[in-house]
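Q: First, the structure itself, so that you have it in front of you.
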Amino acid sequence: MSNSRLQPQNQAYKQLLLFSTVILLFSSFIGAIITVHPLYLKQFVEQPALVGLIAALSSLAGLTLSLPIGTLSDKVGRKRMLIGAFGLISIVLLAFFINTRFYLLIGLQIAFGALMAPVWIVGEAFIKDISPTKKRGEFRSFFGTFANAGMLMGALIGGFLAAGFGIRSPYFFAAILLVVPLILVFGMKDWHSNTNKNQAVRDFLPVLKEFLQQRELKLLALCTVSLYFWYAVKWVFGQLFLLNQGFSPSIIGIWLAVSVLPFLLFQIPIGKLSDQIGQSKIIYLGFLISTIFLIPLGFMSSISSLLATIFIVSIGTAFAEPLIEARVTAIVPKERYGAYSGIFEFTKTLGLMLGPVASSIFVYSFGISYSFIPAVVFFILTLALFVTTRLHRFSREKQ
């Protein structure tokens, strides 16, 4: 009897390791791209504010597709969508490498955002599919650690490739090597095929209505918007801010890598701890840490203070991000994991779009040092709503 129980769990761990390896490689190559992408865009437009607006086009494309893609993955399966997305992303990256025209750049930005959305939606849905009930925090944190390890390596690779071979070289590097995770995807088992198909084919609008009726899910969605608002600002205006300070692409890559390092150090132990004490308290603590240390970031000039501050800010986000997904997994029905992954991908891409747009306004009005202020405001508002919701729930339980 015990062997029959252990076998599915062992299979789940094997699939977790395989898919986390796929995402590690994918994130490494994409991380190399986004490390230099704002500098690449600056070749086409001079104003940093315009760089932010062009960067937001990718998120806008992903935003429009997130909800239907989530539901579609419940219908056709995770594996097929990943294979198609990986292949097409490789082609788009090659086009970025050879492109010299502004109008084609706009089309490539939109295509890139549209193709990235299925990867992350399917990834989150797949982790939800295979996560045992009592190990949701651990599984999501393990996956997140691999994804962020890839981003860390990608930041270093992209920075040093750009310094040694030019801004465009990471695009060629990523386009060619994407074939490796593409091959590994064929070894994945589409666990969703075992779920109730009659429930899986529900349209996303009824699921969205269901989502809007749940207070905690809406709060988690706002937390997600805030996190990805900050991530977009960091990966777009962080580079431009450091470039304005006189730092080289290799130093920029190191700064971005340090911003990812806490995810490697803390996600798995925090995930295991959250399975024992609950996720909400740690999510709140993470936002509190990030908000406090994000405030002075744009007004620093020494590399040591910049590295130390971004590391501490990222400790907070490393606490919060995987536990949001783990909490969602605990709340939503299994047969609609794909649809809810689409909804939360919508919130992520909304944050990714709003971040560069809001910061572009501040940069245009006040200068590059003020690019992080909108993220600070968003974090403070999220914290205030988080505290209000917790107090409301506490008073209701007391009654």
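The values are calculated or read from the model by the stated rules, or taken from the named source; none is laboratory data. It should be emphasised that the depicted structure is a prediction, and the values quoted were computed from it without experimental measurement. Quick reminder, even Gly has a Cβ in these numbers, built from the backbone with ideal geometry, and neighbours come from all protein chains shown.
Q: Quickly run through the stretch 240-263 and pick out the residues that are buried (at least 24 other Cβ atoms within 10 Å of the Cβ), under 13 Å from A163 (Cβ atoms) and of a type outside the set (V, I, T).
A: Within the stretch 240-263, just G253 meets the criteria.
Q: Could you tell me whether L323 is more than 18 Å from I289 (Cβ to Cβ), modelled with pLDDT of 80 or more and hydrophobic (A, V, I, L, M, F, W, C)?
A: no
Q: Let me spell it out: the conditions are (1) assigned to a helix (DSSP H, G or I); (2) surrounded by fewer than 24 Cβ atoms within 10 Å (Cβ to Cβ), and A339 meets all of them except one. Which number is the exception?
A: All conditions pass for A339, except number (2).
Q: If the Cβ limit is 8 Å and pairs must be 6+ apart or interchain, which residue in the stretch 165-184 that is closer than 22 Å to P249 by Cα and among the hydroxyl-bearing types (S, T, Y) pairs with which residue that is in a helix (DSSP H, G or I) and modelled with pLDDT of 90 or more?
A: Note: pairs meeting the criteria are S169/L161; Y171/I33; Y171/Y40; Y171/L93; Y171/L94; Y171/F96; Y171/F97.
Q: Over 17 Å from P170 (Cβ atoms), surrounded by 24 or more Cβ atoms within 10 Å (Cβ to Cβ) and of a type outside the set (A, V, I, L, M, F, W, C), is that true of S59?
A: yes
Q: So, in the stretch 178-228, of the ones that are among the aromatic types (F, W, Y) and out of contact with any Ser or Thr (no Cβ under 9 Å at 6 or more places or on another chain), which residue ends up modelled with the lowest pLDDT?
A: Top of the filtered list is W191.
Q: When the residues of the stretch 285-316 are narrowed to those that are surrounded by 17 or more Cβ atoms within 10 Å (Cβ to Cβ), in contact (Cβ under 8 Å) with a residue 60 or more places away in the chain and of a type outside the set (A, V, I, L, M), which ends up nearest to G246 (Cα to Cα)?
A: G298
Q: Name every residue in the stretch 376-399 that is at pLDDT 80 or above and over 14 Å from L222 (Cβ atoms), in order of residue number.
A: Of everything in the stretch 376-399, just one residue is at pLDDT 80 or above and over 14 Å from L222 (Cβ atoms), namely V376.
Q: Right, another one. Pull up the stretch 146-174, narrow it to residues that are surrounded by 24 or more Cβ atoms within 10 Å (Cβ to Cβ) and of a type outside the set (A, V, I, L, M, F, W, C), then point me to the one that is nearest to the chain's Cα centre (by Cα).
A: Among those residues, the one meeting the criterion is N148.
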